[in-house]
Structure formats: C-alpha cells, structure tokens
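Peer 1: The structure is given below, and queries will be raised subsequently.
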Amino acid sequence: MTRTVTVTFRNALRFAAVTVVGIAKEAGYSPVTWDLYLNRRAPTPASALALARALDTRAETLREHAGRLRSAVGEPASRVR
C-alpha cells in the first residue's frame with residue numbers, strides 16, 4: 001500500500017473505534033455520567049438528544065473518512081447516503 005492509503009486507513013480506523021468515554025466527551029458529557037446511564041439509571045431526555053447530535057456528527061465524519069479511503073485507493077465515491 002502507498003503511504004497515503006496507509007495514513008488514511010489508520011486515521012479512519014482510529015476515529016471509527018469509539019468508546020463510551022469518547023462518545024460521552026463528544027456529546028459534552030462526563031464519562032462517569034454516561035456510565036451511570038449505561039449501567040444503572042435511565043438517561044435524561046437532554047442526554048439522549050446530546051447523544052443523537054454526537055452520533056449525527058460522528059456519522060458525517062465517518063462518511064468523510066470513507067470517501068478519503070475510496071479516493072486514496074482510486075475507487076469512485078459511493079452513492080450510498
């Protein structure tokens with residue numbers, strides 16, 4: 001693989017591998033709070049909306065990474081959205 005493909009692949013894979021800590025921070029919440037929501041109590045409506053926004057943002061960035069990977073290997077952009 002070329003260096004461009006390797007770097008693009010590694011960047012995409014690092015971003016794609018999310019943790020509860022990572023997504024909590026992306027949503028502007030404490031990881032401890034989200035651990036409570038995950039294991040002990042129901043999430044608040046505000047935290048559910050914050051997660052939805054963080055997931056939307058993450059999905060857009062994942063699509064960008066996918067496009068960069070396709071470009072790096074010379075495949076046309078996907079029409080899937």
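Computed from the coordinates by the stated procedures, all read-outs in this text should not be read as laboratory data. Predicted model only: the values in this text are computed from it and were never measured. Note: ideal-geometry Cβ built from the backbone for every residue, glycine included; neighbour counts use all protein chains shown.
Peer 1: Relative to the longest principal Cα axis of the chain, at what angle does helix 45-73 sit, 0 to 90 degrees, rounded to 10?
Peer 2: With both axes taken from Cα atoms, the answer is about 10 degrees.
Peer 1: I'm spelling it out carefully: the read-out is Cα Rg over 2.2 N^0.38 Å, the candidates are (1) 1.51; (2) 1.57; (3) 1.37, and one was derived from this structure. Which label?
Peer 2: Derived directly from the coordinates: (3).
Peer 1: Another one. When the helix-only estimate is applied to the chain (DSSP H runs of n ≥ 4, each -39,500 (n - 2.57), divided by the residue count), what is the mean residue ellipticity at 222 nm, nearest 500 deg cm²/dmol?
Peer 2: Mean residue ellipticity at 222 nm (helix-derived): -24000 deg cm²/dmol.
Peer 1: Around THR2, what is the net charge, scoring Lys/Arg as +1 and Asp/Glu as -1 over all other residues with Cβ under 15 Å from its Cβ?
Peer 2: Taking every Cβ under 15 Å from that of THR2, the sum is +3.
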